[in-house]
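The values are calculated or read from the model by the stated rules, or taken from the named source; none is laboratory data. The model shown is predicted, which means the values in this text are computed figures rather than measured ones. Don't worry about glycine lacking a Cβ; one is built from the backbone with ideal geometry, like all the others, and counts go over all protein chains shown.
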Amino acid sequence: MPRLIAKLFPIQKLILCCYQWLKGFCAALEGWRRIGLRRRQGCLGLLGIVLLSSWAFPDDSVISRTSSLRFFKLLPLSKAEASPEVPVLRDSMNIDQRRREIVASLGKPARLLVGLGSTDPVDILAQQVTPDLFDVYLTGLGPTNSWRGWNKPDGEYLQMKLRDSAKVGAVPMLTVYQIATGGENNLDVLGDSKFMQIYWGDFHRLMLLLKAYNKPVLLNIEPDFWGYTLRKNPDPTTHFAHVGNVYDECGRFGNTVTAMVQCMVHQTRKHVPKARIGFPAPGFLDLINKQIPYMRKLGADQADFGVMQTGDRDAGCYEVGKPPCANSRDPIVMYWDETNTKNPNFNQHFSYASNYSRGINLPLIWWQTPLGAKSSQFGGRPFAYRDSKVHYFLTHGAQVVDAGGFGVVFSPGEKTQTELRTDGGQFKTYSKAYFSAPTPLP
């Protein structure tokens, strides 16, 4: 009865309080004559406590959910701050329409976008290159031991990176990489309520800061993580993860890995409508044939785009075979043949990417693509390893677009890899040539 009343009337606290007060009062009158004075005084005190708790904590409150191990209740984004629910019309769009919508929302012309990441804005300005996108990692966990606490006040590091994006004339792309704080492949943290309440606190803070920023931004959520969860449990709808029971804003979605994605997409669209959000493909070689159905179960196909990788380190680093690159014959880390006559090659990769894009019905952005320079010389040295991807991507834009792409971001995935300032001017040369005759989106 109380829950029915609460659903029928907007002033549920008042109605619920009155109902419970009357119910308790009638029960008290019935037994009033049967007890002594001292017991009557005790009953009055108990009744007062019940009434107070009924008013302060209705049935769906923090206190009543003792079984959910709720530790805190975040202050919600207020109605004054929050945008109204954004109607989702993306389901009716095909891939071409989706990527045009994304690029237009970023304020860019309808062409393949090119970006840089993990790069000092000073180096970008010094070379007079003009990236469309500027990628930044958000790592760590908690208000003091993450991007939130690296500079003061809370979140100033993000503000600095947003300003850096503006300096180089680019739209920010934020790569959230925080689950790995508990260990790169440690999925036990999903069942750790304390860890996850802090994780969702960081996400909530990100929403607040981006709401205030009120400009276009891309969100790339948790690279590698979805591959590890797929290996652990191929059904994300049954894979437990603390979500709704430690983050009130997403209580409706439950507590699974799928709920994580649902929560992030919902919160982004509701509170940061100028942002576009995407989730990286698992990408591991043993998961290639499983990843499309998994990402659909995950709900990643309800995001705005998918994230694709070619490998995060220069091929030459693996050819040398010393730390931080163990010698590997995994095709994704080898030097790709630009003539597409030897294996591995670019045609193979773009065929795989196209299949993935169609499978989740989303356009793709390539992220953390190595900056190594094209060379016939085997290997290389720290900060100057060889790779063929910058040259090929920037001279074969039509093939990237045909595979479902709307952008490609280049960046070193490890501190000894080739950088913009050590690539011998390769990125500057080929990006300028590309921008002089960019590849249009269909």
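In summary, VAL136 fulfils each of the numbered conditions (1) part of a strand (DSSP E or B); (2) touching a residue at least 40 places away in the same chain (Cβ under 8 Å); (3) in contact with a Lys or Arg (Cβ under 6 Å, 6 or more places away or on another chain) with the single exception of condition (2). Number of residues in the stretch 348-386 that are in a loop (DSSP other than H, G, I, E, B) and either under 23 Å from the mean Cα position of the chain (by Cα) or more than 17 Å from PRO412 (Cβ to Cβ) (or both) equals 7. May I ask you to list the residues in the stretch 112-142 that are over 30 Å from GLN97 (Cα atoms) and of a type outside the set (Ser, Thr, Tyr)? Listed by number, the residues that qualify are ASP120, PRO121, VAL122, ASP123, ILE124, LEU125, ALA126, GLN127, GLN128, GLY140, LEU141, GLY142. Of all positions in the stretch 345-367, none carries a residue that is over 22 Å from LEU285 (Cα atoms), surrounded by fewer than 22 Cβ atoms within 10 Å (Cβ to Cβ) and modelled with pLDDT of 95 or more.
When the stretch 387-429 is filtered for residues that are assigned to a loop (DSSP other than H, G, I, E, B) and among the charged types (D, E, K, R), the ones remaining, listed by number, are ASP387, GLU414, LYS415, GLU419, ASP423. Among the residues of the stretch 306-363, those identified as touching a Phe, Trp or Tyr at 6+ places or on another chain (Cβ under 7 Å), over 17 Å from PHE393 (Cβ atoms) and among the hydrophobic types (A, V, I, L, M, F, W, C) are CYS317, CYS325, LEU362.
Looking at this structure, is SER388 modelled with pLDDT under 95 and either surrounded by fewer than 21 Cβ atoms within 10 Å (Cβ to Cβ) or more than 27 Å from ILE95 (Cα to Cα) (or both)? Walk me through how you get there before you give the answer.
Working: modelled with pLDDT under 95: no; either surrounded by fewer than 21 Cβ atoms within 10 Å (Cβ to Cβ) or more than 27 Å from ILE95 (Cα to Cα) (or both): yes.
No.
On the basis of being farther than 22 Å from CYS263 by Cα and not in a strand (DSSP E or B), does VAL122 make the cut? Against the criterion (farther than 22 Å from CYS263 by Cα and not in a strand (DSSP E or B)), VAL122 qualifies.
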